[in-house]
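Shown next, in structure tokens, is the structure this report addresses.
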Amino acid sequence: MLLKAFSKEQTERFEVYRRSALSKPNVKKLVSGILGQPCSNNISIVVAGFSKIFIGEIVEKALDIKKEWGSEGPLSPDHIREAFRRYKQETG
């Protein structure tokens, strides 16, 4: 039902989002480095999932900012930085 409500552009973005994934070995290495001890596969899967959701939220916010600023073309680092700044402001 939700997919039927999407515009063509939103549907394409959602499909790309669904197919994307963070490299589990890289996530595992990063988490192990931060924790200072080996991390299990389950932990790396959870961290990769939350990271993907976080990245999706930042990108959606950046697209809103791009539209708000009247920018054309792809997202710029300025859009991403402003999205992250607003995210931090909203979440504390």
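Residues being within 21 Å of Glu12 (Cα to Cα), surrounded by 11 or more Cβ atoms within 10 Å (Cβ to Cβ), more than 16 Å from the chain's Cα centre (by Cα) and polar (S, T, N, Q) are entirely absent from segment 43-60. The residues of segment 61-82 that are farther than 23 Å from Arg19 by Cα and either open to solvent by 90 Å² or more (accessible area, probe 1.4 Å) or touching a residue at least 24 places away in the same chain (Cβ under 8 Å) (or both), listed by number, are Lys67, Glu68, Trp69, Glu72, Arg81.
The values are calculated or read from the model by the stated rules, or taken from the named source; none is laboratory data. This structure is a prediction, so every number in the text was calculated from the model and none was measured. Positions of Cβ are generated from backbone atoms using ideal geometry, with glycine treated the same way; all protein chains shown enter the neighbour counts. These area figures cover heavy atoms from the full protein model, side chains too; ligands, DNA and RNA do not enter into them. Shrake-Rupley method; radii C 1.70, N 1.55, O 1.52, S 1.80 Å.
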